[in-house]
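The values are calculated or read from the model by the stated rules, or taken from the named source; none is laboratory data. It should be emphasised that the depicted structure is a prediction, and the values quoted were computed from it without experimental measurement. Neighbour counts are summed over all protein chains in view; Cβ atoms, including those assigned to glycine, are modelled from backbone coordinates with ideal geometry.
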Amino acid sequence: LDCHVHLPFEAEEEPTSTTSAGPDRAEKEVLLAAKLRQSLLPSIDQDKLAKTCVEVQCTILESDGSDVGPAVMCASFALATSGIPLYGLVTYCTVGLHDGRVLLDPTGGELEACDAEVSVAYLGSRDQVSFLDASGDWSGRSMTECVDTCVEGCRKMQVLVRGALLNSRKE
């Protein structure tokens, strides 16, 4: 599985033919691609794809929160609609802690203000967490409780994504 993520250029960062995107931007794209790959790889039935390379190109047009979550769910949906043999769909959820409150799928501004955050990619058909990322100060709250909240959010998203997939196949 080969994943590439492309971030949007900011208004003051317009690309030209002679300048590159810059190291911070390039590093973030590589990191996002690695997270995308790690989230999706367990969902692909690799035994049925011997000597095959699957390439996922993800272009993020707008961002206000976690970039990885929408990329994972869109890529999982795209793989399913393309006929790639999968064990199931991958969903993604982020929980942030801010002033003792739990925020489910916080916006970018809320994420910046959070004391801690945890993100989970979940393969529901196997009841498997395929990716987990946590950061911040967890002294005031149980991280396990927040991971469970993420998994429950992923299960709810799974129903919606599966329904959208079934509707797209009827058309």
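Thr81 fails exactly one of the following numbered conditions: (1) surrounded by fewer than 19 Cβ atoms within 10 Å (Cβ to Cβ); (2) β-branched (Val, Ile, Thr); (3) without any contact (Cβ under 8 Å) to a residue 60 or more places away in the chain. What is the number of that condition? With (1) surrounded by fewer than 19 Cβ atoms within 10 Å (Cβ to Cβ); (2) β-branched (Val, Ile, Thr); (3) without any contact (Cβ under 8 Å) to a residue 60 or more places away in the chain applied to Thr81, the lone miss is (3). Restricting segment 84-101 to residues that are part of a strand (DSSP E or B) and of a type in the set (Val, Ile, Thr), the residue that is surrounded by the most Cβ atoms within 10 Å (Cβ to Cβ) is Val90. I'd like to know if segment 102-117 contains one or more residues that are surrounded by 12 or more Cβ atoms within 10 Å (Cβ to Cβ), under 21 Å from Gln38 (Cα atoms) and out of contact with any Cys (no Cβ under 7 Å at 6 or more places or on another chain). Looking through segment 102-117, at least one residue is surrounded by 12 or more Cβ atoms within 10 Å (Cβ to Cβ), under 21 Å from Gln38 (Cα atoms) and out of contact with any Cys (no Cβ under 7 Å at 6 or more places or on another chain). The residues of segment 118-138 that are surrounded by 16 or more Cβ atoms within 10 Å (Cβ to Cβ) and hydroxyl-bearing (Ser, Thr, Tyr), listed by number, are Ser119, Tyr122, Ser130. Count of segment 31-65 residues, restricted to those that are assigned to a helix (DSSP H, G or I), touching a strand residue (DSSP E or B) at 6+ places or on another chain (Cβ under 8 Å) and free of Cβ contacts under 8 Å to residues at least 60 places away in the same chain, is 5. Within segment 105-142, being assigned to a loop (DSSP other than H, G, I, E, B) and not hydroxyl-bearing (Ser, Thr, Tyr) holds for Asp105, Pro106, Cys114, Asp115, Asp127, Asp137, Trp138, Gly140, Arg141. Tell me, yes or no, whether segment 26-36 has at least one residue that is more than 16 Å from the chain's Cα centre (by Cα) and either modelled with pLDDT of 90 or more or not polar (S, T, N, Q) (or both). Yes; the residues of segment 26-36 include at least one that is more than 16 Å from the chain's Cα centre (by Cα) and either modelled with pLDDT of 90 or more or not polar (S, T, N, Q) (or both).
Determine, yes or no, whether Val161 is under 24 Å from Glu62 (Cβ atoms) and modelled with pLDDT under 90. So Val161 passes the test.
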